[in-house]
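S.K.: The structure's right below; bear with me while I get my questions together.
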Amino acid sequence: MQAKKPIILKGTRDFDAVQISQRNYIFDTVRQVYQQYGFSPLETPALEHLATLTGQYGQEGEQLIFKILNSGDFLAGVDRRSITADYKVLLPQIAEKGLRYDLTVPLMRYVAMHSHQLTFPFRRYQIQPVWRADRPQKGRYREFYQCDADIVGTPSLVCEAEILAMAYQVLQQLGIRHFSIQLNHRAILQGLVTLIGKADKENEFCMAIDKLDKVGRERVLEELESKGFPPAALEQLNFIFELPETNQDKLEMLNGYLGQVEVALKGLQETQQILQYIAALGLEDMPITLEPTLARGLTYYTGAVFEVKMHNFNVGSVGGGGRYDNLTDRFGVPGLTGVGFSLGVDRIYAVMEEQNLFPAYSAVTTQVMLTNMDSEAEQLALRIITQLRMQGIKAELYPEQGKLKKQLNYANKKNIPFVVIIGTEEKAAGKFTLKDMHTGTQQLYTLAELIAKLK
C-alpha cells in the first residue's frame, strides 16, 4: 500500500522554533503591557456549548462557527426524516458543541457563572487561539491567536481611553509604526440610518458599510441598494464619504447633519468625551481618527467601536474592539456593560516580519553549544552543562563525538551564537574556549568567567 503524502488543513499552520520564539516575543510584550494596566489573566476552554456561541455574532459570523459532532453514535435518537431535510433542522440534533469563535463571548459566560465571586469592574486579559470556518487567504486563517483585554462592569468612558492607550503602547513597544486607530460609535451609525428613514435596517447597513475599505464606495452603495436602501436616501449620506481632516472638524460636521437626530447625540457626545480623555492621558500624538463608516461586523457592539489599520500594508486590521451592553443578559446576569480590545497576533507577526522588527535574540533557542570531541571531553561537558543551565543559560551538548567542523556547521545552521570548544589544549589548561559564531573570535575562559560572559 502506497504511503499517503502528509498534508495540513488549509487555514492552519505549523510553527518552527524560530517562529515560536518570535511569536512568544509578541505574547510577552502584550502580556507585560496588559499587566501594567491592571489586567489579570484568564483562560477558557476551546469548546463551548453551541447554545453559548449562537445568537451572538450575526448571521455571517454564526456560519463560521466550527461545530463538533456529538460523541459516539451521533445519529442515535435523530428523527430520520430530518436527515434529508434542511441541514439547519438536523444540526442541533447531532452537534451540541463548537470551537470558540472569539474570546469575548466565553468571557461573558465566565462572568455570568462567577459574578458573585468577581470584583467589579473586572479587568481580564486572555491570550488564546480561536477558530473560524472562514475561507483562507492572506492574513486570514481558520485557527489564530487573539490577545484580548476587557473591562466589565462599568459604563465609564475612561475605560475606552485606557484600552486605546494600551493598544497604542503595545504597538509602540513592538516597533510598529505607520498605523491609525479608527474610532466610531454605533449610535452614530444608528443616527445615519435614522436620518434616511431606514432605522429598521441598521444591521444590514452596518454589514455593508463595514466593507468600505475592502470593496470601495461604489460596491458598498450597490450592496445597500440591493438590501432595500433607495438611491435617493443614500445620497443624503454623501457627507460621510467626504469628511474634513481633523477629528474636531469631523465632529462639528457630524453634529451639523445629525444634531437633530436624537439617537445620534449619545454617540457624538461619547466620542467627544473619549477623545478628551485620550488627550488628558497625554497622548495627543496618538494616531486616532474619527471614522463614521467604521461598523465592526459583530452585532453585539452597542457603543464605541475601534480598529487599528496599517498604512501601506495590505493585511486588514491588526486589532479592534468596542463596547457591548447586553452580552451577559442571556446568561441570567443583566445590566453588565463591558468594553474590550483584541490584537491579532498573526497579522502583527506578518507586519513585523515584513519590516524586520523582531530583535535578533528573539529567534535564539540555544544560547551556547558545547562540543563533543572525545569521551574525556564529553564527561567534562556533561559536568559543566548543568552548571550553565542552573545559571539560566540556554545550553546544549552536541550528542555525538566527532569532528569539530561538523559540530560548528550544526551550530551555524541552528543560529547558535556561541560554542564552547573542549579540546586537548582546553583540557590541559583547565579552561574553555568560547567561540563567537558571528564574529569568529574566540578566547579562553575559566568556568566562572565563562558563566559571567554568557550571562
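Each reported figure results from applying straightforward, stated rules to the coordinates on display, with no laboratory input. Predicted model only: the values in this text are computed from it and were never measured. Every residue, glycine among them, receives a Cβ derived from its backbone with ideal geometry; neighbour counts consider all protein chains shown.
S.K.: Where the only charges are on Cβ atoms (+1 Lys, Arg; -1 Asp, Glu), what is the dipole of segment 159-274 about its Cα centre, to the nearest 20 debye? Walk me through the numbers before you get to the answer.
M.R.: Numbers: 11 positive and 18 negative charges, 46 e Å.
Magnitude of the dipole: close to 220 debye.
S.K.: Same structure again: How high is the relative contact order of the chain? Use alpha-carbon pairs under 8 Å, at least six apart in sequence, and give a whole percent.
M.R.: On the way: 715 pairs, mean separation 73.6, N = 455.
Value for the chain: 16 percent.
S.K.: Nearest 5 percent is fine: what portion of the DSSP beta bridges confined to segment 364-454 is antiparallel? Working shown, then result.
M.R.: Numbers: 8 of 14 bridges.
Expressed as a percentage, antiparallel bridges in segment 364-454 total about 55.
S.K.: Under a crude label model (7 Å from the Cα following the beta-carbon direction), how far is His116 from Glu400 in nanometres?
M.R.: Reported label-point gap for His116 and Glu400 is 6.4 nm.
S.K.: Under a Cβ-Cβ cut-off of 12 Å, what is the net charge of the residues other than Ile274 that fall near it, where Lys and Arg count +1 and Asp and Glu count -1? Don't skip to the answer; put the middle values down first.
M.R.: Values: positive: Arg323; negative: Glu160, Glu162, Glu270.
In short, -2.
S.K.: Residue-wise, which Karplus ³J(HN,Hα) couplings in Hz belong to segment 339-345, taking 6.51 cos²θ - 1.76 cosθ + 1.60, θ = phi - 60°, and x for glycine or proline?
M.R.: My calculation for segment 339-345 gives 9, x, 9, 9, 9, x, 4 Hz in order.
S.K.: If one computes P(r) from the Cα atoms of segment 150-254, what percent of pairs lie at distances over 24 Å?
M.R.: Of the Cα pairs, 40 percent sit more than 24 Å apart.
S.K.: In deg cm²/dmol, rounded to 500, what helix-only [θ] at 222 nm does the chain give when every DSSP H run of at least 4 residues adds -39500 (n - 2.57) and the total is split over its residues?
M.R.: For the chain, the value works out to -12000 deg cm²/dmol.
S.K.: Give me the percent of DSSP beta bridges within the chain that run antiparallel, rounded to the nearest 5. Walk me through the intermediate numbers first.
M.R.: Values: 49 of 60 bridges.
Beta bridges within the chain, antiparallel portion: roughly 80 percent.
S.K.: Count neighbours as other Cβ atoms within 10 Å of each site's Cβ, and list the GluC sites (Glu not before Pro) in segment 389-455 that are DSSP loop with at most 10 such neighbours.
M.R.: Details: sites: Glu396, Glu400, Glu425, Glu426, Glu449; in loops: Glu400.
Here the GluC sites (Glu not before Pro) that fit, given the DSSP loop and packing criteria, are Glu400.
S.K.: Starting from segment 130-229, pick out the GluC sites (Glu not before Pro) whose DSSP state is loop and whose Cβ has at most 14 other Cβ atoms within 10 Å. Working shown, then result.
M.R.: Working: sites: Glu143, Glu160, Glu162, Glu202, Glu204, Glu218, Glu222, Glu223, Glu225; in loops: none.
Sites meeting the loop and neighbour criteria: none at all.
S.K.: Stokes-Einstein at 20 °C, 1.002 mPa s, Kirkwood radius from Cα pairs: D for segment 364-454 in µm² s⁻¹?
M.R.: Numbers: Rh = 12.8 Å.
Approximately 167 µm²/s, per Stokes-Einstein.
S.K.: If the reach is capped at under 23 angstrom between alpha carbons, list the lysines near Lys67, excluding any in the same chain fewer than eight residues apart.
M.R.: In chain and number order, the partners are Lys10, Lys88, Lys97.
S.K.: Please figure out what share of the DSSP beta bridges in segment 37-182 is antiparallel and state it in percent, rounded to the nearest 5.
M.R.: Working: 16 of 18 bridges.
DSSP beta bridges in segment 37-182 are roughly 90 percent antiparallel.
S.K.: Now, a different point. Treat each spin label as a single point 7 Å out from the Cα along the C-beta direction, and report the Ser375 to Gln2 distance in nm.
M.R.: 5.0 nm
S.K.: For a label point 7 angstrom out from the Cα of Asp329 toward its Cβ, which stretches of segment 29-73 have the backbone nitrogen within less than 18 Å?
M.R.: Correct set: 52-59.
S.K.: Work out how much length Lys138 to Gln443 would gain on full extension: take 0.36 nm times their residue separation and subtract the Cα-Cα distance, in nm to one decimal. Before the final figure, lay out the partial values.
M.R.: On the way: separation 305, 0.36 × 305 = 109.80 nm, distance 4.74 nm.
Net length gain for the segment: 105.1 nm.
S.K.: Something else about it: Starting from the Kirkwood Rh over alpha-carbon pairs, what translational D in µm² s⁻¹ does the chain have by Stokes-Einstein at 25 °C and 0.890 mPa s?
M.R.: Answer from the Stokes-Einstein relation: 95 µm²/s.
S.K.: Right, another one. Per 10 Å bin, what is the whole-percent P(r) computed from every C-alpha pair distance within segment 253-410?
M.R.: Spelled out per bin, shortest first, that is 8, 21, 20, 14, 12, 12, 9, 3, 1.
S.K.: Let me know the Rg and Dmax you get for segment 288-378 when you use only its Cα atoms, in Å.
M.R.: When restricted to the Cα atoms of segment 288-378, Rg and Dmax are 22.9, 73 Å.
S.K.: If one computes the Cα centroid of segment 119-147 and of segment 231-273, what distance in Å separates the two points?
M.R.: Between the Cα centre of segment 119-147 and that of segment 231-273, the gap is 32 Å.
S.K.: Using the structure shown, select from Lys201/Lys250; Lys198/Lys227; Lys227/Lys266; Lys214/Lys250; Lys414/Lys435 the pairs with a Cα to Cα distance greater than 18 angstrom.
M.R.: Violating the 18 Å limit, Cα to Cα: Lys201/Lys250; Lys227/Lys266; Lys214/Lys250.
S.K.: As an exercise, take the mean of 1/r over every pair of distinct alpha carbons in segment 39-152, invert it, and state the Kirkwood radius in angstroms.
M.R.: Details: mean 1/r = 0.0631 Å⁻¹.
Taking the inverse mean of 1/r over all distinct Cα pairs, segment 39-152 comes out at 15.8 Å.
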